[in-house]
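Structure record follows, encoded as structure tokens.
Just so it is clear, none of the values below were taken in a lab; they were calculated from the coordinates. Fair warning: this is a prediction, and the values are worked out from it, not measured in the lab. Note: ideal-geometry Cβ built from the backbone for every residue, glycine included; neighbour counts use all protein chains shown.
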């Protein structure tokens, strides 16, 4: 009798966990449907492709998407904590999340968090930077280099560093060194003025 009770309890725990995972995945699908204007199937395909390209479990991808969206207070103050931590850096720092296509490729990255140094660098208020695409903030070659560096970091999990020209028209913004590192399913990007020669991205 005791073994049967333990089996029933284990089965019930398994069902609860499965329901919890499904709820998180459904919420993440809803975020992708609203954000990218896709249907239920398209949203799920994007979640699966992110899971496969980053080698992170689908439920973790979904949990990260939900946490970053702030659904129902899901971030538990995480956004404010990250903003404070990034603002402590003297150099510009961004947290970027991938924008997947229906076929699984990462087309661009969206700004989830930007510190004060980035806002000063770009000369824009936070509400004009957060949720923007990298390709909008850094057009032409500088945006392409940044997206490619973030793609490589996301796919391999390896930090990437190298020279970057985020403000090609402004001599003061020339010659910086970019650093990109994957943290779960997002990429942390920082940059600082270059002090010497470095390897290309």
I'd like the distance between the alpha-carbon centres of the range 122-143 and the range 24-42, rounded to an integer number of Å.
24 Å
Taking neighbour Cβ counts within 10 Å as the exposure measure, how do 191, 121 sort from fewest upward?
121, 191
Based on Cα coordinates alone, diagonalise the gyration tensor for the range 78-193, multiply each eigenvalue by 5, take square roots, and list the semi-axes in whole Å, largest first.
19, 17, 14
